[in-house]
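Contents: one structure, followed by commentary.
The values are calculated or read from the model by the stated rules, or taken from the named source; none is laboratory data. Model, not experiment: these values are computed from the prediction. Methodologically, a virtual Cβ is constructed for each residue, glycine included, from the backbone with ideal geometry; neighbour enumeration extends over all protein chains shown. Ligands, DNA and RNA are stripped out before the accessible areas are found, and what is left, the full protein with its side chains, is counted by its heavy atoms. Shrake-Rupley method; radii C 1.70, N 1.55, O 1.52, S 1.80 Å.
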Amino acid sequence: MSQAVLQLEKVRKSFGSEVVLEDISFKVLEHKATVFIGASGSGKSTLLRCINLLDQIDDGQILLDGQDISAANVNPDEVREKLGMVFQSFNLFPHMTVLENVILAPTKVQKVVKEKAIDEALELLNKFGLREKADQYPDRLSGGQQQRVAIIRSLARHPRLLLLDEITSALDPVLVNEVLSTVRDLKSEGMTMVLATHEMGFAKQVADELCYLDKGRILEWGSPKKLLESPKKSETKEFLRRLLQAGRL
Amino acid sequence: MAKKSGRSSNRAAPSSSSNFGGSWSPSEIELARRQARQARNKKSALIAALSSFLVLGTLGLVLVTSPGWETLRNTFFKWAYGFEILPKILLGFTTNATLTVIAGTSVALIGLGIALLRTSRSPALTPFRILATVYVDVFRGIPMLLVILLVGFGIPALQIKGLTNNVLVLGTLAVIITYSAYVSEVIRSGILTVHPSQRAAARSLGLSNFQTLRHVVLPQAIKRVTPPLLNDLVALIKDTGLVSILGVTDAVRAAQIQTAKTFNYTPYVMAAIIFLLVTIPLTRWTDRMLRNSYERENAVGQA
Ligand SMILES: Nc1ncnc2c1ncn2[C@@H]1O[C@H](COP(=O)(O)OP(=O)(O)O)[C@@H](O)[C@H]1O
Ligand SMILES: [Mg+2]
């Protein structure tokens, strides 16, 4: 089996006196997707932000392709070049066109020649059916299109790992599917991912491993089928029961 | 519900009464409604015209027929005299214009610098951040006239070799010191309105702190504060007149010199008109930008 793309070892994170993540350990192998579910406030966003070095962990280790990226001498900008991240909302830069959004990092960070970056960006946009939106500003796009552009923007840098944080939870229900199908396409192309989501149906489809996060701890994990159909812990059962009630399962 | 191409359209629900062909003609109800609206608008316009005519007409009549009218006109609105001395005042106004350009440019740069300093979180800059905060608090809190007097008369009083005694330079300096404090606050508020997620998104793309500022934060911040900055520009233009207190021959001072000669106040009115000719168009334009940006901000965010 190949080496893990991402590996967390006993990661801990607190804000002041509030412990938000505790004893978090897991691995993501190449081409695999690990999905985190859990109530709001359970620490999903914080976990993804820590992996992306937007937040600093208090203890433990984060390894990316075997390299300890939580070490003190690591340059976060270099690490982030290998990671793509998409947030819940406010992803796109509103003062730039779709194309400008997509080529910003390639041209400014990776110093790709502008013409080449544009060619690549248009190719990506075309692939995901957004070619004709290239010259529009984000406020002219639907929320679903905006999120898809955000995904494309993070792909333009050829990331090793994609981090997706509840990318559909700010969307109108009718717009959720187009975004999810984009993620499914990426998964089938072999992109390695870590996701946080509320969409259980989707989680079931893309997850190779599903982790239930409860008050900052991974309480239960396993294949989606196992976790969703025969949860062991009472908290997991309760969480799933509430999702079922809310009609989200 | 899975398979669906990413191409699906953004908004589904067609509105119930949409009409696609060109065959639509207004219904009876709509026609009646339009007629009623038209009648009402006509009536409103008539009332507005009539009341304006009455109020403004009465005011004008009272003014012109009042016993002091002749004196008033001769003291403030002696146009022939006004045009005679106009070149002198215009010459003075070039000082105000130059001062506006030089001070405006410096203020923009210094204000931006202070705003960046105050919004940065780098621990190395802490002492500078404290100094900047004190500076802004002090100079926003005292009348500019005092700053002009302090700098314009105070610095020459030090009698330090190498320091200029040129009142124009010192006056400009005082204006720059005061306005940089105002403008830095405007820009800082703009920077603070950029959502933190924008910064996070930029950093997660690998942009450095500086690149994030340069390409993501500042363009949005500056765009948002352009209308208030234009307001400050209008204020700056007229406040350049305050340096006349130091003896700089600007438009205000030029008018004062003329008035002192003849005891007629028309030169002041001429100076006022020159200021208005510049500031009113700028104010109107600012208003329009403000309205546009307000409408834009409120239209966005629904997607
Ligand atoms: N920057 C922060 N400062 C203080 N507390 C925070 C911060 N970010 C998140 N938290 C806290 O951490 C906990 C987990 O939040 P989050 O990771 O956003 O959860 P989730 O994404 O699962 O909803 C919450 O209790 C939240 O209040
Ligand atoms: Mg979250």
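Remarks
- The figure for B:Thr105 is an accessible area of roughly 80 square angstrom, using a 1.4 Å probe on the protein chains alone.
- Taking the Cα centre of chain B as reference, the dipole from Cβ charges on Lys and Arg (+1) and Asp and Glu (-1) amounts to some 1280 debye.
- Cα extents for the protein assembly as shown along the principal axes, largest to smallest and rounded to whole angstrom: 99, 83, 48.
- Put a plus charge on the Cβ of each Lys and Arg, a minus charge on the Cβ of each Asp and Glu, and nothing anywhere else: the dipole of chain A about its Cα centre is then about 440 debye.
- Full-extension gain in nm, B:Ala48 to B:Asn74, via 0.36 nm per residue minus C-alpha separation: 6.0 nm
- With a simple spin-label model that places each label point 7 Å from the Cα along the Cα-to-Cβ direction, the separation between B:Leu125 and B:Val138 comes to 2.1 nm.
- Shielding by partners, peptide A:125-132 (average Cβ within 10 angstrom, other chains): 1
- Solvent-accessible area per residue for the range A:1-123 (1.4 angstrom probe, square angstrom): 46
- Here the contact order of chain A, divided by its residue count and restricted to Cα pairs under 8 Å and six or more residues apart, works out to 26 percent.
- When peptides A:184-191, B:62-69 are sorted by average Cβ neighbour count within 10 Å, with the highest value leading, the order is A:184-191, B:62-69.
- Euclidean distance between Cα centres, the range A:176-193 to the range A:85-157, Å: 17
- Positive end of the dipole of chain B (Cβ unit charges, origin at the Cα centre): among B:Ser51, B:Leu173, B:Pro87, the Cα lying farthest that way belongs to B:Ser51.
- Counting protein heavy atoms only, the protein assembly as shown has 59 percent of its accessible area on carbon and sulfur, 1.4 angstrom probe.
- For the range B:179-206, a reduction of at least 10 Å² in accessible area between the chain on its own and the assembled protein chains (probe 1.4 Å) is found at B:His195, B:Ser197, B:Gln198, B:Ala200, B:Ala201, B:Arg203, B:Ser204, B:Leu205, B:Gly206.
- The mean number of partner chain beta-carbon atoms within 10 angstrom of a residue's beta-carbon across peptide A:51-62 is 1.
- Using the 1.4 Å probe convention, the accessible area of the range B:81-297 works out to 51 Å² per residue with neighbouring protein chains retained.
- For A:Leu162, residues with placed amide H under 5 Å, excluding near neighbours: A:Gly84, A:Thr192, A:Met193, A:Val194
- Listed by number, the DSSP H helices of chain B that run 15 Å or longer by alpha-carbon position along their axis and have mean Kyte hydropathy of at least -1.0 are B:28-65, B:79-119, B:126-141, B:167-193, B:218-239, B:251-262, B:266-299.
- Viscosity 0.890 mPa s, 25 °C: Kirkwood-radius Stokes-Einstein D of the range B:81-297 over Cα pairs, µm²/s: 127
- Cα lying deepest toward the dipole's positive end in the range A:4-245, options A:Leu213, A:Tyr137, A:Asn91, charges on Cβ: A:Leu213
- Reduction of at least 40 Å² in accessible surface, 1.4 Å probe, comparing all protein chains with the chain by itself, residues of the range A:166-203: A:Asn177, A:Glu178
- Taken over the range A:4-245, the convex hull of the Cα atoms encloses 127 Å³ per residue.
- The antiparallel fraction among DSSP beta bridges confined to the protein assembly as shown stands at about 55%.
- Solvent-accessible area buried by pairing A with B, both sides, nearest 100 square angstrom, 1.4 angstrom probe: 2700
- The range A:12-29 and the range B:118-134: distance between their alpha carbon centers, rounded to Å: 32
- Assigned charges on the beta-carbon of Lys, Arg, Asp, Glu; the protein assembly as shown dipole about Cα centre (debye): 980
- Calculated [θ] (222 nm, deg cm²/dmol) that DSSP helices of n ≥ 4 give over the protein assembly as shown, each run adding -39,500 (n - 2.57): -18500 deg cm²/dmol
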